[in-house]
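Okay, structure first, notes after.
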Amino acid sequence: GAGVSQSPSNKVTEKGKDVELRCDPISGHTALYWYRQRLGQGLEFLIYFQGNSAPDKSGLPSDRFSAERTGESVSTLTIQRTQQEDSAVYLCASSLHGSAGEAFFGQGTRLTVV
Amino acid sequence: GDSVTQMEGPVTLSEEAFLTINCTYTATGYPSLFWYVQYPGEGLQLLLKATKADDKGSNKGFEATYRKETTSFHLEKGSVQVSDSAVYFCALSEGDSSYKLIFGSGTRLLVRP
């Protein structure tokens, strides 16, 4: 596609339920990033994938969070047993190489946990 | 750890006014510095960047100069337009982790006709 695509654009879920967020990067981009933006705060780095290398998961806030990426294509971010503090906009980005300054961002998934 | 601090918004200006959005950073090494912009309903976009001290990044009439002595990267524009209304984010990336961006909290700019 022309840009980074994320789905769903909005998700409301009940506390304790699991959610799965999807990211379709720009075709050919080897690097993929997930960030979280809580209300009134800056973006927080969550995880980075680069080709077939082991991902950098250092930003994942707890073991309830996990992410997968198949090759150089789609990525899914899964949040298990959601909590109210998980409410945020989750942004995905991709870049041709592993330079964050060259990344293109999607419009994000707004997650609301009620 | 590394961090970015930018002025709180919203900033409200009249069209053709001068814009400054302050950004300062804390970093242990020699970071690259960025300004991103998020227009209403759109994804985050890179506006400009600077990779070393005294570099000036510029794009669409916006400028920012990498000031190592004051650890700052203030965003400026001489004459804003209504179409510049957006949220602006200052960010840095460290040399060894150039894939990881550290963002400020964002500054909303509203330009009135």
**OP:** Send over a whole-number figure in Å² for the accessible area per residue of chain B, probe 1.4 Å.
**Re:** 48
**OP:** Could you pull out every one of the lysines with an alpha carbon less than 17 Å from that of A:Lys57, ignoring same-chain neighbours closer than 8 positions?
**Re:** B:Lys100
Subject >> Residue-by-residue Karplus 3J(HN,Hα) for the stretch A:98-109, coefficients 6.51, -1.76, 1.60, Hz, glycine and proline x >> reply: x, 10, 4, x, 10, 7, 9, 9, x, 7, x, 10
**OP:** Express the carbon and sulfur contribution to the solvent-accessible surface of chain B as a percent, rounded to the nearest whole number, probe 1.4 angstrom.
**Re:** 46
**OP:** Once you've got the GNM for chain B with C-alpha springs shorter than 10 Å, pick whichever of B:Ser98, B:Ser85, B:Ser14 has the biggest mean-square fluctuation.
**Re:** B:Ser98
Original post:
How big is the A-B contact in terms of buried accessible area, both chains counted, 1.4 Å probe, rounded to the nearest 100 Å²?
Top reply: 1400
Original post:
In whole Hz, what ³J(HN,Hα) sequence does the stretch A:65-81 give by Karplus (6.51, -1.76, 1.60; θ = phi - 60°), x for Gly and Pro?
Top reply: 9, 8, 9, 10, 9, 9, x, 10, 10, 4, 10, 10, 10, 10, 10, 9, 6
**OP:** Could you go through the stretch A:84-94 in sequence order and give the Karplus-derived ³J(HN,Hα) for each residue, using 6.51 cos²θ - 1.76 cosθ + 1.60 with θ = phi - 60°, rounded to whole Hz, and x for Gly and Pro?
**Re:** 4, 6, 7, 4, 4, 9, 9, 10, 10, 9, 9
Subject >> Stokes-Einstein diffusion coefficient of chain A, Kirkwood radius over Cα pairs, 37 °C, 0.692 mPa s, in µm²/s >> reply: 236
Original post:
Over all Cα pairs of chain B, how is the pair count split among 10 Å bins, expressed in % and running from 0 up to the last occupied bin?
Top reply: 15, 50, 28, 6, 0
Original post:
At each listed q (0.07, 0.09 Å⁻¹), what is the log10 of I(q)/I(0) that the Debye formula gives for the protein assembly as shown modelled as equal alpha-carbon point scatterers?
Top reply: -0.22, -0.37
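The values are calculated or read from the model by the stated rules, or taken from the named source; none is laboratory data. If you're wondering where the values come from, they're calculated on a predicted model, not measured in any experiment. Just the protein is used for accessible areas: all its heavy atoms, side chains included, with ligands, DNA and RNA removed. Shrake-Rupley method; radii C 1.70, N 1.55, O 1.52, S 1.80 Å.
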